[in-house]
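The values are calculated or read from the model by the stated rules, or taken from the named source; none is laboratory data. None of the values given here were measured: they were computed from a predicted structure. Glycine also receives a Cβ, built like all others from the backbone with ideal geometry; neighbour counts cover every protein chain displayed.
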Ligand SMILES: [Zn+2]
């Protein structure tokens, strides 16, 4: 079975070679991943590709924004930079979302944009030591940082989350989070808590979000989710008992949906939520 999901490295195998950051001695022009919010800047005309450095008008990336080399794309340096969300792009450029229902970017470009976003998020959040406030410096050959003041070391924060497809015969459990628009449903998901195994997290999240109990919890697949930096660990589980009763605060609706009559796009097209449903609804 293919376990290749958008945002996972396998999606860009053969295209992208990740490299640890290093002092930028290399001036070779390469490609640029320019992020604007959760969108990637590309030429407006399809087929969309990563932009090459050197063909860009300077007003898109002001000189004070120094792009960060994150690896090689098709053998050439790939540098990533985030620009202000109010940047007005010249007409021949367009910012296409790599998150959400807009699928104009293909999965390889969405994946490299996600990688760039995840790295730049860590870079923004790791300027200062969370222990003493000192300014951090790079640990050579790694994305980690070290604090010269107190000696603490800090490494990229990737947060584990569970997501679970709960089945009861031909029905799937879907929930609607209070923050989502009416009619938008997805699978139960949530962050790992202190002291929990992943399976315990599945049991707790299902109980909290829907009120029911589950059994036969088994691992299915996992996905990097760079919004901003999660690892989604996907599980399957079977209904064991209880009545559906959402908490009414975090989750406003929960219910059993027949596998052949699901609401529109549960979880988004690039998500492991969609993959779990498509892969296991008929199993
Ligand atoms: Zn420190």
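Restricting attention to region 96-109, the residues being assigned to a strand (DSSP E or B) and exposed (fewer than 13 other Cβ atoms within 10 Å of the Cβ) number 0.
Kindly evaluate residue 136 against the criterion of being surrounded by 19 or more Cβ atoms within 10 Å (Cβ to Cβ) and within 14 Å of the ligand (Cβ to nearest atom). Explain how you work it out, then say what you get.
Working: surrounded by 19 or more Cβ atoms within 10 Å (Cβ to Cβ): yes; within 14 Å of the ligand (Cβ to nearest atom): yes.
Taking the combined requirement at face value, the residue satisfies it.
From the list 233, 214, pick out the single residue that is in contact with a strand residue (DSSP E or B) (Cβ under 7 Å, 6 or more places away or on another chain), touching a residue at least 40 places away in the same chain (Cβ under 8 Å) and more than 30 Å from residue 39 (Cβ to Cβ).
Working: 233 fails: more than 30 Å from residue 39 (Cβ to Cβ).
Of the residues listed, the single one that is in contact with a strand residue (DSSP E or B) (Cβ under 7 Å, 6 or more places away or on another chain), touching a residue at least 40 places away in the same chain (Cβ under 8 Å) and more than 30 Å from residue 39 (Cβ to Cβ) is 214.
Remark: pairs (first residue in region 188-202, in the same structural domain as residue 177 (by TED's automatic domain parsing); second residue surrounded by fewer than 16 Cβ atoms within 10 Å (Cβ to Cβ) and modelled with pLDDT of 95 or more; Cβ separation under 6 Å; 6+ apart in sequence or on different chains) = 192/160. Where residues in region 120-133 are surrounded by 11 or more Cβ atoms within 10 Å (Cβ to Cβ) and near the ligand (Cβ under 10 Å from one of its atoms), which of them is farthest from the chain's Cα centre (by Cα)? The selected residue is 132.
Taking the options 60, 34, 83, 70, name whichever one is closer than 26 Å to residue 125 by Cα, surrounded by 16 or more Cβ atoms within 10 Å (Cβ to Cβ) and without any contact (Cβ under 8 Å) to a residue 40 or more places away in the chain. Going through 60, 34, 83, 70 in turn, just one is closer than 26 Å to residue 125 by Cα, surrounded by 16 or more Cβ atoms within 10 Å (Cβ to Cβ) and without any contact (Cβ under 8 Å) to a residue 40 or more places away in the chain: 60.
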